[in-house]
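Undergrad: Before I ask anything, here is the structure I am working with.
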Amino acid sequence: MCVLLMRFGGSSPPKNVHVACALPSAVCENTHFDQWQTYKGIRSDSSYKELPTVSLTLMMRRQSLLATVYLFSCAAAQKVGTLVTEPVVGLTWTKHTSSTSYQTQAGKLVLDAEWRSTHLYPNGPICFGQGVWNYAYCPETNPPLCAQRCALEGADYYTTYGVSTSGYELQLRYVTQWSTYNVGSRVFLLSVQDNTKYEIWKPLNKEFTFSIDASNLPCGVKATVSFIEMDADGGKAKYPSNLAGAKYGTGYCDSKCPRIKWINGEANVKEWTRTDSADLNGFGHYGSCCGEVDLFEGNSLAASFSAHPCSLTGPTRCENDNCGGEYANPAAFFCDADGCDWNSYRLGNVTYYGKQQILDTNKKLTIVTRFITDDGTDNGNLVEIKRYYIQDGKVYPNAISVVPGLSPIPEYRSIENNYCDDQKAVFGETNHFQALGGMHAVGESLKRGVVLSFSILDDWEGHLQRLDGTWPVDWDPAAPGVVRGSCDPSSGDPEYTRLNYPNSGVRVSNIKFGPIGTTTNGQIPA
């Protein structure tokens, strides 16, 4: 689609001018100039000279003439900006074939498109800012038009977003206030071979190991390391309107079906609602759903790992009940947002994880996650997600559950179908996990391939009580599974955490991936 801006020697043409051009009727076919004026107004007259020119024939009711018009955008697409050059942000990791043999991988990171500046192409005003869309360029009634007009910009990773790397280590800062004000970030690992695609991981019958320093993360702020079933190219091939692709961090989805700014190469501008007057974001009509495994979701007070099945294959746009939510029809859910989780505090083992606990979050912690299949092959069915920790040279198996009804003999120590069924029953929760396919569906998602994501976030809606406090807030704290961590029920308000803990952050390092038993130098045998 093209949006054409007309000028006739600086004078305005008569209102009964029609534009004859090869465009959809929604834009300019048989469009009177008084309607066209809205498009002309998107650029100041002085900036027209920066745009390329072409000659087209304009038909008037009583005469025809040749005129020069200015081509604003000839691609119906989510564009790439030219104001900030996208840098190369390296993160080294290792791919293992045995406990003593591995290859160093020169990985690269990319910032999620949701955080990127978006402005009128090529160098016009912002299209989104302070939690709201600029409806002059992104009309609610025409979401594709916003992507046609607006560009995703390159990123200054450290100064603007607080993202930095050094060799094998990634650091994410919570709040940055240097060049502009920013809260949190999310980055993905790009392919070693092709920086226009994400690195695709297939974890079945493999183990994934990394170290994390969460000592500086307070109540209400979390770091996550996740496998997410995103498209390898960020949806670029599937949605021709998306010209940015994985190189600019497009295509995010997860099991909560977030109602983010960009979905399927279009702006999610319909029914967009700002979260709060003090927030920098909001949510739209549509959601973006896909399967997810959270390898780590936590801070210095609490942590969990979890599996989230979906009834769909790959990223899918949802609306209404399909997106889930408190008041939606569970039968229509695409994904299990709650998932089957393992949080040692929630399972009654309150001294296992935290500051000066068995796993002391004042120190760096190495986390090992194994994806066990029924036949011990990469093509088998996922039956168990198993967890180990290493700290100060000592190996710790996952904590056991001590909640009555969730502590059989032998004890549960991992995520698997029986544990998930019992967990939902004991905690009084609807078993969406099994309804959406359980471990088998999670395994099929991992088998298709997933993207690795790192983030640091707060929670405007629930103040992160679901992770580190009391949730649901109106349930009896004495009931099994309601208390998730030691954070006070009144904690976690982003207005408070952003003001009092802006310098908090997380460090993730020493990422290793390979067959089971190969990433821990023999400390945890296969």
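Undergrad: When the Cα centres of segment 301-359 and segment 121-165 are compared, how far apart do they sit, in Å?
TA: With segment 301-359 and segment 121-165 each reduced to a Cα centre, they are spaced 30 Å.
Undergrad: Right, another one. Mind checking which aspartates and glutamates have their C-alpha under 20 Å from LYS236, skipping anything on the same chain fewer than 8 residues away?
TA: Within the straight-line cut-off, LYS236 pairs with GLU86, ASP112, GLU114, GLU153, ASP194, GLU199, ASP254, GLU266.
Undergrad: More than 19 Å apart: what percent of Cα pairs in segment 326-476 qualify? List each step's numbers first, then the result.
TA: On the way: 7115 of 11325 pairs.
Cα-Cα pairs in segment 326-476 separated by more than 19 Å: 63 percent.
Undergrad: Of the peptides 286-296, 445-455, 367-377, 142-152, how do they stack up when ordered by the mean number of other Cβ atoms within 10 Å, highest first? Walk me through the intermediate numbers first.
TA: Values: 286-296: 26.0, 445-455: 21.9, 367-377: 18.0, 142-152: 24.4.
Per-residue Cβ counts within 10 Å, averaged per peptide and sorted highest first, yield 286-296, 142-152, 445-455, 367-377.
Undergrad: Still on this structure: Divide, for segment 308-391, the radius of gyration over alpha carbons by 2.2 N^0.38 Å, where N is the residue count. Don't skip to the answer; put the middle values down first.
TA: Values: Rg = 17.7 Å, N = 84, 2.2 N^0.38 = 11.8 Å.
Against the empirical 2.2 N^0.38 Å value, I get 1.49 for segment 308-391.
Undergrad: Any chance you could list P(r) for segment 329-378, counting all Cα-Cα pairs in 10 angstrom bins from zero, rounded to whole %?
TA: Percent of pairs per bin, in order: 18, 28, 30, 21, 2.
Undergrad: When the Debye formula is applied to the Cα atoms of segment 110-240, each taken as the same point scatterer, what base-10 log of I(q)/I(0) results at q = 0.13, 0.15 Å⁻¹?
TA: -0.73, -0.94
Undergrad: Which of the residue pairs LYS197/LYS355; LYS222/LYS394; LYS206/LYS394 have a Cα-Cα distance greater than 27 Å in the structure shown? All intermediate terms of the calculation are to be shown ahead of the outcome.
TA: Working: LYS197/LYS355 38 Å; LYS222/LYS394 25 Å; LYS206/LYS394 22 Å.
From the list (LYS197/LYS355; LYS222/LYS394; LYS206/LYS394), the Cα-Cα distance tops 27 Å for LYS197/LYS355.
Undergrad: Additional query: When the Kirkwood hydrodynamic radius is evaluated over all pairs of different C-alpha atoms of segment 466-526, what value in angstrom, to one decimal, is obtained?
TA: Details: mean 1/r = 0.0651 Å⁻¹.
Hydrodynamic radius (Kirkwood, Cα only) of segment 466-526 equals 15.4 Å.
Undergrad: Could you list log10 I(q)/I(0) for segment 431-494 at q = 0.16, 0.18, 0.22 Å⁻¹, which the Debye formula gives when each Cα is one point scatterer?
TA: Listed by q, the Debye log ratios stand at -0.76, -0.85, -0.90.
Undergrad: Right, another one. Report the calculated FRET efficiency for GLU319 and TRP201 (r = Cβ-Cβ distance, R0 = 35 Å), to the nearest 0.05.
TA: Numbers: r = 29 Å, r/R0 = 0.84.
That pair, GLU319 with TRP201, gives E of 0.75.
Undergrad: Once Rh is set to the Kirkwood radius over Cα pairs, what Stokes-Einstein translational diffusion coefficient, in µm²/s, holds for segment 229-290 at a temperature of 10 °C and a viscosity of 1.306 mPa s? Display every interim value, and only then the final one.
TA: Values: Rh = 12.0 Å.
In µm²/s, the coefficient rounds to 132.
Undergrad: Which one, ASN500, PRO515, TRP460, is farthest towards the positive end of the dipole of segment 457-523 when Lys and Arg carry +1 and Asp and Glu -1 on their Cβ?
TA: The residue sitting farthest along the positive end of the dipole is PRO515.
Undergrad: Taking only the alpha carbons of segment 185-291, what extent do you get along each of the three principal axes, in Å, biggest first?
TA: On the principal axes, segment 185-291 reaches 43, 41, 22 Å in Cα extent.
Undergrad: Now for a different question. Can you work out the FRET efficiency for the pair LYS95 and ASP474, with r the C-beta to C-beta distance and R0 = 45 Å, to the nearest 0.05? Can you show the working numbers first?
TA: Numbers: r = 47 Å, r/R0 = 1.05.
Calculated value: 0.45.
Undergrad: Under a point spin-label approximation (7 Å from Cα along Cα-to-Cβ), what is the GLU411-SER486 distance to one decimal in nm?
TA: According to this spin-label approximation, the distance is 2.0 nm.
Undergrad: Multiply the residue gap between ALA136 and THR180 by 0.36 nm, knock off their C-alpha separation, and tell me the result in nm, one decimal place. Could you put the intermediate results ahead of the total?
TA: Numbers: separation 44, 0.36 × 44 = 15.84 nm, distance 2.37 nm.
Gain in length upon complete extension: 13.5 nm.
Undergrad: Under unit Cβ charges (Lys, Arg +1; Asp, Glu -1), what dipole magnitude, rounded to 20 debye, does segment 73-216 have relative to its Cα centre?
TA: Details: 10 positive and 11 negative charges, 45 e Å.
Computed charge dipole of segment 73-216: roughly 220 debye.
Undergrad: Let me ask something else. Dipole of segment 189-263, Cα-centred, from +1 at each Lys and Arg C-beta and -1 at each Asp and Glu C-beta, to the nearest 20 debye?
TA: Working: 10 positive and 8 negative charges, 59 e Å.
The calculation lands at about 280 debye.
Undergrad: So how much slack lies between GLN356 and THR82, counting 0.36 nm per residue of separation and subtracting their Cα-Cα distance, in nm? Before the final figure, lay out each step's value.
TA: Details: separation 274, 0.36 × 274 = 98.64 nm, distance 4.87 nm.
Answer, rounded to one decimal: 93.8 nm.
Undergrad: Treating only the Cα positions of segment 396-518 as identical point scatterers, give the base-10 log of I(q)/I(0) from the Debye formula at each q in 0.13, 0.19 Å⁻¹.
TA: Taken in order of the listed q values, log10 I(q)/I(0) reads -0.82, -1.31.
Bear in mind these aren't lab numbers, they're just calculated from the coordinates by the rules spelled out. Since this is a predicted model, take the numbers as computed values, not measurements. A quick note on method: Cβ atoms are made from the backbone with ideal geometry, for glycine too, and the neighbour counts reach across all protein chains shown.
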